[in-house]
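Below: one structure, written as structure tokens.
The values are calculated or read from the model by the stated rules, or taken from the named source; none is laboratory data. Given the structure is predicted, the values throughout are model-derived calculations rather than measurements. Accessible surface areas use protein heavy atoms only, side chains included; no ligands, DNA or RNA. Shrake-Rupley method; radii C 1.70, N 1.55, O 1.52, S 1.80 Å.
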Amino acid sequence: MRLGKRALNGVTGGIATASLAAFFAAPAWAQDLMGQPTPGGIGLQPAASPLKHQAHFFHDAILMPIIVGISLLVLGLLIWVVVRYNAKANPTPAKWSHNTLVEIVWTVLPVMILVGISLFSFRLLFAYHDMPTPDLTVKATGNQWNWAYEYPDQGVAEYISNMLPEAEAQAQGVPYRLAVDEPIVVPVGQTVRVLVTASDVIHAFALPAFGLKTDAIPGRVNETWFRAEREGVFYGQCSELCGVDHAFMPIQINVVSEAEFAAWVASKGGSMTPASAEAAPGGTAAQAAAGTTGAPTAAPAAADAAQPAVAEAPNPAAPAAPAAAPAQ
């Protein structure tokens, strides 16, 4: 009995020590790259947006300790059963097959763990749906097999983003199968609303550094958001099996200063300021408060033009016109 306890303590202690050493030594194996996968990395990509910081906390501070604790507990129980209740140490097995207390514990404890996880999970889910007032909107449309982007607020028409060929990617010193010829460009520190849809099959708009992953479904527009905390180039990919060239439709987001973003918008034929207040996205503040948007002056004119001509009713107060003279 004592030998079994000593063996159990020695094995579990060795496993725990090795696990902690591997966990804390992991950052030394590979320096994490910002905005792209790290060869040899074992953790999540570094966060570059508020949502991803919350996702890091949920994964590192909530899920990982629970997962490690459960794994060590189950491993310890298995070793204890093997050592304590093998045929040599326990030649006469017990006759009972149920234990009410143990069954209650292994039913109630997992439920409590799941409820505790759900509290943090729901808070993170609410943060994804509680989007602040957006500063600009980007529409992303998944095609077989590329992405199309449009900036309705700035008047930037839809353009196609394709993966760079391997030779061109190597010549530019950018990662092959991640870099594209026409990236998304957004200003740093501003809330970006992303409207995600598809034109043919189901795709998925995913960019790990910002914590984005939203399905692109034909006939449906899904919404997500991010706010980049730093300038740089960030890569993602379609994360839905969309066909034979699924692996060849990456996503690239270039985060730049506001001046650089304005210059890029101008190069695309757009404008940072609407031509008129009525042309502003969502209309003017007064129109939004009244529940109407768009140019209010054009509608009455169009309505008048669409109405058929109606004969005026005779005015009883007006004198009657003289009868026409009879023909001679």
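Carbon-plus-sulfur accessible fraction, the range 86-156 (probe radius 1.4 Å, protein heavy atoms only): 67%. For the pair F126 and L77, the difference between a 0.36 nm per residue extended length and the Cα-Cα distance amounts to 13.9 nm.
Multiplying the residue separation of D200 and S118 by 0.36 nm and subtracting their alpha-carbon distance yields 26.0 nm. Counting every alpha-carbon pair across the range 211-277, the share separated by more than 18 Å comes to 59%. Which whole-number percent of Cα pairs in the range 77-140 have a distance greater than 20 Å? Everything past 20 Å amounts to 64 percent.
Using alpha carbons only, what's the Rg to Rh ratio of the range 161-215 with Rh from Kirkwood? So for the range 161-215, dividing Rg by the Kirkwood Rh gives 1.01. Across the protein chains, with a 1.4 Å probe defining accessible surface, the residues S161, S257, S97, S71 rank S97, S71, S257, S161 from largest area downward. With all pairs of separate Cα atoms included, the range 62-219 yields a Kirkwood hydrodynamic radius of 21.2 Å. Put simply, the Cα atoms of the range 150-286 extend 49, 36, 26 Å along their principal axes, the longest span coming first. Rounded, prolate or oblate: which one fits the range 24-135, using the alpha carbon gyration tensor with axes a ≥ b ≥ c (rounded when a/c is under 1.5, else prolate when a/b beats b/c, else oblate)? Here the range 24-135 falls in the oblate category.
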